[in-house]
1. Given the condition within 30 Å of Asp16 (Cα to Cα), of a type in the set (A, V, I, L, M), in contact (Cβ under 8 Å) with a residue 60 or more places away in the chain and crowded, with 17+ Cβ neighbours inside 10 Å, answer yes or no: does some residue in the stretch 76-96 qualify?
2. Can you name the residue in the stretch 97-118 that is touching a strand residue (DSSP E or B) at 6+ places or on another chain (Cβ under 7 Å) and of a type outside the set (Gly, Ala, Ser) and, of all such residues, is farthest from Arg18 (Cα to Cα)?
3. Mind counting the residues in the stretch 62-75 that are in contact with a Ser or Thr (Cβ under 7 Å, 6 or more places away or on another chain) and free of Cβ contacts under 8 Å to residues at least 12 places away in the same chain?
4. Sort through Ile26, Ile55 and tell me the only one that's surrounded by 15 or more Cβ atoms within 10 Å (Cβ to Cβ) and without any contact (Cβ under 8 Å) to a residue 60 or more places away in the chain.
5. Which residue, of Tyr53, Tyr64, Tyr100, is hydroxyl-bearing (Ser, Thr, Tyr) and in contact with a helix residue (DSSP H, G or I) (Cβ under 7 Å, 6 or more places away or on another chain)?
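Quick note: the coordinates plus some simple rules give every number you see, no bench work behind them. What you are looking at is a predicted structure, and each value in this text was computed from that prediction instead of being measured. With ideal geometry, Cβ positions are generated from the backbone for all residues, glycine too; neighbour counts draw on all protein chains shown.
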Amino acid sequence: PPEAATAHFQLVLPRDHRFGVDSIPIGICYAGTGDQGFTRRRMLTAVPLLRDYRIGTIIIESPYYGLRKPKHQNGSSLFYVTDLFVMGGALMFETMVLLYWCEKMKLGPAILHGFSLGGHMASLCFTT
């Protein structure tokens, strides 16, 4: 669907970070089942990682979720089993692009992580 074609993410870094100049470890955080948007992962994962360990986070939105949800889809219920494979494939490609971008912006080393479905997607992306 056209809605899923654009990847959306939030980048959480320290206020004093000089983008592209300073190096900082970064995590890419994937959405769990039903996790629409960014708020839960920002508050429960990104903010504590930044505050306690000075690790930045990219919070990526999955295809078929949040802003990427097809207009006719209710909640996070996918219409077809194959949509789950499309979600994984899209996130693998998007992760490769983000990791390349992170390297250029001195955001690294990188970790991939998530809860529930997000953990599964992180493991898929790690294998590419």
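1. As a first pass, look at the stretch 76-96 and keep what is within 30 Å of Asp16 (Cα to Cα): 91, 94-96.
Now restrict to residues that are of a type in the set (A, V, I, L, M): 91, 96.
Now drop any that are not in contact (Cβ under 8 Å) with a residue 60 or more places away in the chain, which leaves 91.
Now drop any that are not crowded, with 17+ Cβ neighbours inside 10 Å, which leaves 91.
Yes: one or more hits.
2. Looking only at the stretch 97-118, we keep the residues that are touching a strand residue (DSSP E or B) at 6+ places or on another chain (Cβ under 7 Å), and these are 98-99, 102, 107-114, 118.
Remaining after also requiring of a type outside the set (Gly, Ala, Ser): 98-99, 102, 107, 109, 111-113.
Values: Leu98: 18, Leu99: 18, Cys102: 14, Leu107: 11, Pro109: 17, Ile111: 21, Leu112: 23, His113: 25 Å.
So the residue we want is His113.
3. Total meeting the criteria: 0.
4. On the way: Ile26 fails: without any contact (Cβ under 8 Å) to a residue 60 or more places away in the chain.
Being surrounded by 15 or more Cβ atoms within 10 Å (Cβ to Cβ) and without any contact (Cβ under 8 Å) to a residue 60 or more places away in the chain holds for just one of Ile26, Ile55, which is Ile55.
5. Values: Tyr53 fails: in contact with a helix residue (DSSP H, G or I) (Cβ under 7 Å, 6 or more places away or on another chain); Tyr100 fails: in contact with a helix residue (DSSP H, G or I) (Cβ under 7 Å, 6 or more places away or on another chain).
Going through Tyr53, Tyr64, Tyr100 in turn, the sole match is Tyr64.
Here is a yes/no grid of residues against (1) touching a Phe, Trp or Tyr at 6+ places or on another chain (Cβ under 7 Å); (2) among the β-branched types (Val, Ile, Thr):
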position: Gly20; (1), (2): no, no
position: Pro25; (1), (2): no, no
position: Ile28; (1), (2): no, yes
position: Gly32; (1), (2): yes, no
position: Arg54; (1), (2): no, no
position: Glu61; (1), (2): yes, no
position: Leu67; (1), (2): no, no
position: Met87; (1), (2): yes, no
